[in-house]
Amino acid sequence: DAKTTQPPSMDCAEGRAANLPCNHSTISGNEYVYWYRQIHSQGPQYIIHGLKNNETNEMASLIITEDRKSSTLILPHATLRDTAVYYCIVRSNTGKLIFGQGTTLQVKP
Amino acid sequence: EAGVVQSPRYKIIEKKQPVAFWCNPISGHNTLYWYLQNLGQGPELLIRYENEEAVDDSQLPKDRFSAERLKGVDSTLKIQPAELGDSAVYLCASSPGGAGLYQETQYFGPGTRLLVL
């Protein structure tokens with residue numbers, strides 16, 4: 001199962017873009033990159049996922065490098081409610097989501 | 001559309017007592033997951049059901065943990081007897097099923113926070 005590496009914590013100013021990096025150098029060709037976030041005392045919330053191409057939805061954008069060894073989650077205009085732990089996950093070929101410790105994003109006013 | 005429902009939200013018990021958690025997945029979702037989340041850690045899969053069949057229970061400590069999903073809808077996770085180290089958040093998630101494992105999006109419930117004294 002591919003392992004991901006994320007910085008343990010990041011700060012972002014409210015209204016600015018938050019760029020959360022993730023390394024997944026051992027990813028296989030058919031494994032998807034998923035991002036979830038977990039706000040305090042809640043269950044993880046799905047954000048976005050992708051395979052090769054960049055993806056965008058109402059919550060965020062996902063930029064995957066051409067070699068697929070890293071990706072960046074972009075929250076274009078961070079708000080205080082975006083303060084959470086963000087998990088980058090490579091979905092294994094068995095279908096499992098293997099969570100790491102994630103990045104704690106603190107959005108500051 | 002209602003999300004994944006879990007109850008209770010909080011439970012405090014004494015060690016050696018039994019405890020049960022209930023989960024109702026999103027309507028129509030065939031796949032159901034139970035996760036364990038220790039403080040400061042990411043969730044870890046305990047068991048996965050496809051309809052009523054447990055297809056991955058390799059991480060479930062079977063000496064004290066059991067789970068069931070008798071009619072392929074709601075599910076119960078039980079611990080008997082509970083130990084101090086079982087204090088954690090127990091999360092339930094569901095996904096539609098059938099779309100292919102590589103892009104099954106899981107939707108999580110709020111979790112049950114267990115404290116064993």
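Data overview
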quantity	calculated
Top-ranked residue of the stretch B:81-101 - restricted to ones that are in a loop (DSSP other than H, G, I, E, B) and surrounded by 13 or more Cβ atoms within 10 Å (Cβ to Cβ), ranked as farthest from the other protein chains (Cβ to nearest Cβ)	B:81
Matching option when the condition is free of Cβ contacts under 8 Å to residues at least 60 places away in the same chain and surrounded by 13 or more Cβ atoms within 10 Å (Cβ to Cβ), among A:39, A:98	A:39
Considering residues of the stretch A:1-36 that are of a type in the set (S, T, N, Q), within 11 Å of another protein chain (Cβ to nearest Cβ) and closer than 27 Å to residue B:109 by Cβ only, the residue surrounded by the fewest Cβ atoms within 10 Å (Cβ to Cβ)	A:6
Answer from B:12, B:26 - the residue that is touching a Phe, Trp or Tyr at 6+ places or on another chain (Cβ under 7 Å) and of a type outside the set (Asp, Glu)	B:26
The stretch B:69-80, subset of a type in the set (A, V, I, L, M, F, W, C) and in contact with a strand residue (DSSP E or B) (Cβ under 6 Å, 6 or more places away or on another chain), residue nearest to the other protein chains (Cβ to nearest Cβ)	B:77
Hits in the stretch B:2-37 (condition: among the charged types (D, E, K, R) and on the phi > 0 side of the Ramachandran plot)	B:16
Options B:58, B:95, B:66: the member that is among the polar types (S, T, N, Q), touching a strand residue (DSSP E or B) at 6+ places or on another chain (Cβ under 9 Å) and in contact (Cβ under 8 Å) with a residue 60 or more places away in the chain	B:95
Unmet requirement for residue B:66, which otherwise passes all of (1) surrounded by fewer than 19 Cβ atoms within 10 Å (Cβ to Cβ); (2) under 27 Å from residue A:102 (Cα atoms)	(2)
Candidates A:60, A:78, filtered to the one that is touching a residue at least 60 places away in the same chain (Cβ under 8 Å) and either within 14 Å of another protein chain (Cβ to nearest Cβ) or crowded, with 19+ Cβ neighbours inside 10 Å (or both)	A:78
Selection count where residues are free of Cβ contacts under 8 Å to residues at least 40 places away in the same chain and either under 13 Å from residue B:90 (Cα atoms) or touching a Gly at 6+ places or on another chain (Cβ under 9 Å) (or both), scope the stretch B:31-45	4
Which listed residue, of B:39, B:45, is more than 10 Å from chain A (Cβ to nearest Cβ), at pLDDT below 95 and either assigned to a loop (DSSP other than H, G, I, E, B) or in contact with a Leu (Cβ under 8 Å, 6 or more places away or on another chain) (or both)	B:39
Hits in the stretch B:48-58 (condition: outside any strand (DSSP E or B) and buried (at least 16 other Cβ atoms within 10 Å of the Cβ))	B:57
Search result, residues across the stretch A:71-109 that are in a loop (DSSP other than H, G, I, E, B) and over 30 Å from residue B:50 (Cβ atoms)	A:76, A:77, A:78, A:79, A:83, A:109
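The values are calculated or read from the model by the stated rules, or taken from the named source; none is laboratory data. These numbers were taken from a predicted model, which means no experiment stands behind them. Counting neighbours? That spans all protein chains shown, and the Cβs are built from the backbone with ideal geometry, glycine included.
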